[in-house]
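One structure is given here, and the rest of the page talks about it.
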Amino acid sequence: MQLAPHLHRIGNDIVAAYLVDAPEGITVIDAGLPGHWRDLQTELKAMGRSVDDIRGVVLTHGDSDHLGFAERLRRDHGVPAYVHTADADRAKGGDKPKLAMGPMRIGATAGFFAYALRKGGMRTHYLAEVTEVADGDVLPLPGSPIVIGMPGHSPGSIAVHVPAVSAVFVGDALTTRHVLTGRHGMQPAPFTDEPALALSSLDRLASVDAEWVLPGHGSPWRGDPAEVAQAVRAGGR
């Protein structure tokens, strides 16, 4: 679906990925689940584009529900996958800490896992190769994405600021729909490695000039990123 000129989302409020459509090509932010490949094809067709227009996929972190079709793009179409150095091993299938799931409601949790199953989430395609990035990098991709280090959810979690579409893509630095409880609104994301560090990292968004804050799970949020940290802290109480 189109959120704004040159800005598109695939997936839904359970798992989402994004496309930045610029004259020189497309940048994909996160790659959802393997089954989102069909959603990608459908959205590209609606845009009058094709996979050949994709110049890169930027991963906000290395968890399986963000890797989705990234390896397929890399392997079959030569599209590079960018991930923070600290999450490179995770994106390649390295061990992830076993985390407590925290609060949950049976209906919401079952819905999340059912959706993941339907979208191929049980057959993760880890990346064979990645292009590593660091905090502050401006990537050579359409929209000139800027990397903002956001450690906490994972060591290499990042936000991706794309001024051309006035958006900051935050992955699991926060959520607007908790996949295990179904609760809506700004709040901390589940499955976070270091919750206190993740909350602290949100302060880094205060200076970002954007109109959209776009999470990997939950509905898009339109507002001032300077308000995000306070809203998430309030939502976690």
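The values are calculated or read from the model by the stated rules, or taken from the named source; none is laboratory data. Quick caveat: nothing in here was measured; it's all calculated off a predicted structure. Ideal geometry is used to build each Cβ from the backbone, glycine not excepted, and the neighbour counts take in all protein chains shown.
Filtering region 184-227 to residues that are without any contact (Cβ under 8 Å) to a residue 24 or more places away in the chain, in contact with a strand residue (DSSP E or B) (Cβ under 8 Å, 6 or more places away or on another chain) and assigned to a loop (DSSP other than H, G, I, E, B) leaves only Gly223. All told, Ser144 falls short of being small (Gly, Ala, Ser) and either modelled with pLDDT under 95 or under 24 Å from Gln230 (Cα atoms) (or both).
Scanning region 196-237 for residues that are crowded, with 17+ Cβ neighbours inside 10 Å, in contact with a helix residue (DSSP H, G or I) (Cβ under 8 Å, 6 or more places away or on another chain) and farther than 15 Å from Asp172 by Cβ yields Val208, Ala210, Trp212, Pro225, Ala229.
Take the residues in region 169-179 that are in contact with a His (Cβ under 6 Å, 6 or more places away or on another chain) and part of a strand (DSSP E or B), then tell me which one is farthest from Pro215 (Cα to Cα). This residue is Arg177.
Rundown of residues vs (1) in contact (Cβ under 8 Å) with a residue 12 or more places away in the chain; (2) surrounded by fewer than 21 Cβ atoms within 10 Å (Cβ to Cβ); (3) in contact with a Pro (Cβ under 9 Å, 6 or more places away or on another chain), yes/no style:
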site: Met1; (1), (2), (3): yes, yes, no
site: Asp21; (1), (2), (3): yes, no, yes
site: Trp37; (1), (2), (3): yes, yes, no
site: Gly48; (1), (2), (3): no, yes, no
site: Asp52; (1), (2), (3): yes, yes, no
site: Arg55; (1), (2), (3): yes, yes, yes
site: Arg75; (1), (2), (3): yes, yes, no
site: Ala81; (1), (2), (3): yes, no, no
site: Ala91; (1), (2), (3): yes, no, no
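So, Phe191, is that one under 15 Å from Gly236 (Cα atoms) and crowded, with 16+ Cβ neighbours inside 10 Å or not? Here the answer is yes, as Phe191 does meet what is asked.
Remark: pairs (first residue in region 93-119, over 18 Å from Gly68 (Cβ atoms) and modelled with pLDDT under 85; second residue surrounded by 12 or more Cβ atoms within 10 Å (Cβ to Cβ) and among the acidic types (Asp, Glu); Cβ separation under 6 Å; 6+ apart in sequence or on different chains) = Pro97/Asp193. Testing Leu67 on (1) closer than 25 Å to Ser144 by Cβ; (2) surrounded by fewer than 21 Cβ atoms within 10 Å (Cβ to Cβ); (3) in contact (Cβ under 8 Å) with a residue 24 or more places away in the chain, one condition comes back false. Which one is that? It fails just one condition, (2).
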